[in-house]
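Read the figures in this text as sums done on the coordinates, not as results from a lab. Because the structure is predicted, anything quoted here is derived from the model rather than measured. Reconstructed Cβ throughout: ideal geometry from the backbone, glycine too, with neighbour counts over all protein chains shown.
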Amino acid sequence: MATAGTDIGDGHVAARRAFDETKAGVKGLADGGATTIPSFFYHPKPRFIHPPPPPHLSVPIIDFSLPRTSVLPAVVSAARNWGFFQLINHSIPLPILNRALSSARSFHELPAAERSRYYSREPGGGVSYISNIDLYSSSAASWRDTLQIMMGPTPPDQEKIPAVCRQELNAWDTEARELARQVMGMLAEGMGVEEDRLEKMTCLKTRLLACHYYPPCPEPEATVGLVDHSDPGVLTLLLQGDIGGLQVKKEGEDGECWWVDVKPVEGTVVVNVGDLLQVISNDKYKSVHHRVLANSHKEARVSVAMFLYPDRRSESDLYGPLPELLSNENPAHYRNFTTSEFMKTFFSRQLATKCLLDHFRIQTDDTKEV
């Protein structure tokens, strides 16, 4: 999730390598009683300077138990205007959500010697534990550790998934995939195409679980939990515990922007639009920047995200705006591309940039200066 072109001094590279070789992540620093953060975690101060949002701005909360005729337009409106929304009263039982979060916490709070057995920058069996996937290429590291599990299209080697969270995360994957199917169906209908259009494009097949752990940070004002970024996939479903920190960037009509808190609500599933869905919808739905503040609380913050991508990855499988959406009045905003080109472009850039969509955007007189 970052660039090969970032200028990092030799001293910082050595410090990052020493940190990486502990295989204990930022949790190890916190457990060691760190009162300051290593220098390569410092982020520029200007990125934190933004006016507080107006009181009326809040991320939409949608009651999924209401009639579909009410839920569908609410989902479509939120995807268009916010790119983010929270679902309440959905079909996933609360114990499954709570167990997924608690099991993710349990993994990250295993003894360092036990956690380190899973630490790898090259996932084996679809499973890896790591701190900062872009550690060696980002301009500054973030105060966060992650357990990643590739749940599909090829199921992971179950023995590679830590036993402390294996059953709980498999249950979350099953339930979240069905909820994602329902949400994608509504978003497809909102574009005016068949309900199963996105599913037929294999947008439910590739699923990556990311169990993030944000330990208490000794200098939360100097770093971040996760840099501001947009997700590259089609859709993201997120569970967050009772400690906040997730913020969504909301732009006003006059160009002003604010960071709006996604306040934790028990039993909710946070949904956000990814870059690929913005392309597929020809900008009907918006993939927006979001970030996580460094944890200033006494307890660790935990989240479990499911990222959904298409599975068609051959050079003959092209992605771009859906042809049935295009007309003289609504021409394509993006060129077609393969999944491999899209992801290669994503990994060649820093996470904290919004250049990915611009790389594939068709230049017009209105966009040449953007």
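Structural remarks
- For the stretch 64-191, the dipole from Cβ point charges (+1 on Lys and Arg, -1 on Asp and Glu) about the Cα centre works out to 180 debye, to the nearest 20.
- Charge dipole magnitude, Cβ of K and R +1, D and E -1 - the chain, Cα centre, debye nearest 20: 600
- Mean projection area, nm², convex hull over Cα of the chain: 18.7
- Zone of HIS50's modelled label, taken as backbone nitrogen in the stretch 229-247 under 18 Å from a point 7 Å along Cα→Cβ: 229-232, 244-247
- Cα-based reach from LYS263 at 19 Å (exclusive), listing aspartates and glutamates while leaving out same-chain residues under 8 positions away: ASP63, ASP228, ASP242, GLU251, GLU299
- Per-peptide packing, taken as the mean over residues of other Cβ atoms within 10 Å, places 154-166, 101-113, 220-232 in the sequence 220-232, 101-113, 154-166 from highest down.
- Cα long-axis angle, helix 68-81 against the chain (0 to 90 degrees, to the nearest 10): 70
- Backbone N atoms of the stretch 131-153 closer than 19 Å to the 7 Å Cα→Cβ label point of ASP311 belong to residues 149-153.
- Residue ranges 195-203, 276-284 sort as 276-284, 195-203 when ordered by packing (mean number of other C-beta atoms within 10 Å per residue, highest first).
- Residues of type lysines that LYS284 reaches as a straight line, Cα spacing below 22 Å, ignoring anything fewer than 8 places off in the same chain: LYS200, LYS249, LYS250, LYS354, LYS368
- Spin-label pair ASP358-GLU256: with each label point 7 Å from Cα along the Cα-Cβ axis, the two points sit 2.5 nm from one another.
- Here the spin labels are modelled as points 7 Å beyond Cα on the Cα-Cβ line, and at GLU341 and ASP242 they lie 5.0 nm apart.
- Cβ charges +1 (Lys, Arg) and -1 (Asp, Glu), total dipole of the stretch 174-237, debye: 300
- Packing around the peptides 82-91, 50-59, taken as the average count of other Cβ atoms within 10 Å per residue, puts them in this order, highest first: 82-91, 50-59.
- A Förster distance of 41 Å, applied to the separation of the beta-carbon atoms of GLU195 and SER348, puts the FRET efficiency at 0.70.
- For the chain, the relative contact order comes to 22 percent (Cα pairs under 8 Å, sequence separation of at least 6).
- Degrees between helix 166-190 axis and first principal axis of the chain (Cα, 0 to 90, nearest 10): 30
- The residues neighbouring PRO215, those whose beta-carbon lies less than 10 Å from its own, together hold a net charge of -1 under the Lys/Arg +1, Asp/Glu -1 convention.
- Among SER340, SER128, ASN89 - extreme Cα towards positive end, dipole of the chain, charges at beta-carbon: SER128
- Excluding same-chain neighbours fewer than eight residues apart, the lysines reachable from LYS27 by a Cα-Cα span under 23 Å are LYS160, LYS298.
- Averaging the sequence gap over all C-alpha pairs within less than 8 Å and six or more residues apart, then dividing by the number of residues, gives the stretch 116-245 a relative contact order of 27 percent.
- Shape category assigned to the stretch 239-329 from the gyration tensor of Cα positions, a/c cut at 1.5: oblate
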